[in-house]
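Note sheet for the following structure.
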Amino acid sequence: MLKDQTPMYKDKKVRGAFIDKAKAVFEAKKAEFGLEAGVVGIEPESGDVFVGALLGEANAAAYAKYPDEWIYFTRIENPDEGLPLRTW
């Protein structure tokens, strides 16, 4: 969680490290998702994953545990197209 660090949108190095950690979690846990298509939210520090058919579903699950925190969201079927977003 990045509460006390430079915001990702201001620091490419911080953003890159966050994304790299999230992608590693994705690779390690993708067999556990239970869906072949959909959206997964990943909190890279804890390794928590939140799966939904749509972004809103994955976000709602992530927000319940991490309100207004940075989560890496990506499509299960196209994981290279992910991005960090704050939960809402």
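Can you work out which of the residues in region 31-45 that are in contact (Cβ under 8 Å) with a residue 12 or more places away in the chain and out of contact with any strand residue (DSSP E or B) (no Cβ under 8 Å at 6 or more places or on another chain) is farthest from residue 81 (Cα to Cα)? Applying the filter and picking the extreme gives 45. Look at residue 13 and say whether it is part of a helix (DSSP H, G or I), surrounded by fewer than 17 Cβ atoms within 10 Å (Cβ to Cβ) and without any contact (Cβ under 8 Å) to a residue 12 or more places away in the chain. For residue 13, the condition - part of a helix (DSSP H, G or I), surrounded by fewer than 17 Cβ atoms within 10 Å (Cβ to Cβ) and without any contact (Cβ under 8 Å) to a residue 12 or more places away in the chain - is met. When region 63-77 is examined, which residues are found to be more than 15 Å from residue 25 (Cα to Cα) and free of Cβ contacts under 8 Å to residues at least 40 places away in the same chain? The answer is 63, 64, 65, 67, 68. Going through (1) at pLDDT 95 or above; (2) closer than 21 Å to residue 14 by Cβ one by one, residue 65 falls short only on (2). For region 20-58, residues that are touching a Leu at 6+ places or on another chain (Cβ under 8 Å) and in a helix (DSSP H, G or I) total 0. Taking (1) buried (at least 16 other Cβ atoms within 10 Å of the Cβ); (2) in contact with a helix residue (DSSP H, G or I) (Cβ under 7 Å, 6 or more places away or on another chain) in turn, residue 38 satisfies each apart from (2).
The values are calculated or read from the model by the stated rules, or taken from the named source; none is laboratory data. Remember, predicted model here, so these are calculated numbers, not experimental data. Backbone-built Cβ (ideal geometry, glycine too); neighbour counts: all protein chains shown.
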